[in-house]
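The values are calculated or read from the model by the stated rules, or taken from the named source; none is laboratory data. Computed from a predicted structure; not experimentally measured. Heads up, the Cβs are rebuilt from the backbone with ideal geometry, glycines too, and the neighbour counts pull from every protein chain shown.
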Amino acid sequence: MKKSVCSARGALALGWLVLTTHAFAQHAGHHPPTASSPYSGLETRAIKALSDSQIADLKAGRGMGLALAAELNGYPGPMHVLELADELVLSVEQRTQMQGFIHAMKQETIAIGEEVIAAETALDRLFEDKQVDLDSLAKATMTVAEAQGRLRTAHLRYHLDTRAALSTAQTEHYVRLRGYAAQP
């Protein structure tokens, strides 16, 4: 009886060894992995650092949250002010000013947005073409950063202009209408 218990234990141990070895072999790469990177699929983008939506926003001169420092601290943007024109009781002159700000902002930011796209494209190509080194990297990233900085400055500047065109009461009402806790 002792011999059969030992044989049974040996068989179980051998079976366990075969199963764990097989499982380890599968885990070690004999089968394709099932997990993927959160970046998987982004390698097919035309510009790796920009989504199609971001490119469209840059080409259309949209704000993309670049002016949140102003917006959330009591410096309204012209587009949102114009959307709330009736509630803010804008004068005809103020409506005209807001329309002018929007038109000028779009013209300016569309042009700078194209610069951002071109700079990101150039940076992407350095890596794609395997031509990147420390000097070209520094130059390309500075070009991107400068274009992004000009874009953000442009969006923020129109918030300054908009606040200057409104009364204090209109600005305070705007903040309440937008549901912000910040005081103008």
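Filtering region 82-97 for residues that are assigned to a loop (DSSP other than H, G, I, E, B) and surrounded by 15 or more Cβ atoms within 10 Å (Cβ to Cβ) leaves a non-empty set. Out of all the residues in region 113-125, which are over 16 Å from ARG45 (Cβ atoms) and surrounded by 20 or more Cβ atoms within 10 Å (Cβ to Cβ)? The one that is over 16 Å from ARG45 (Cβ atoms) and surrounded by 20 or more Cβ atoms within 10 Å (Cβ to Cβ): GLY113.
Sub-8 Å Cβ pairs linking a first residue in region 104-118 that is under 20 Å from ASP161 (Cα atoms) to a second residue that is exposed (fewer than 15 other Cβ atoms within 10 Å of the Cβ) and of a type outside the set (Ser, Thr, Tyr), at least 6 apart or interchain, are LYS106/ALA60; ILE110/LYS59; ILE110/ALA60, ordered by first then second residue. In region 61-80, the residue that is farthest from GLN148 (Cα to Cα) out of those that are free of Cβ contacts under 8 Å to residues at least 40 places away in the same chain and surrounded by fewer than 17 Cβ atoms within 10 Å (Cβ to Cβ) is LEU68. Is it the case that region 148-166 has a residue that's modelled with pLDDT of 95 or more, in a loop (DSSP other than H, G, I, E, B) and within 22 Å of GLU83 (Cβ to Cβ)? Yes, because at least one residue in region 148-166 is modelled with pLDDT of 95 or more, in a loop (DSSP other than H, G, I, E, B) and within 22 Å of GLU83 (Cβ to Cβ).
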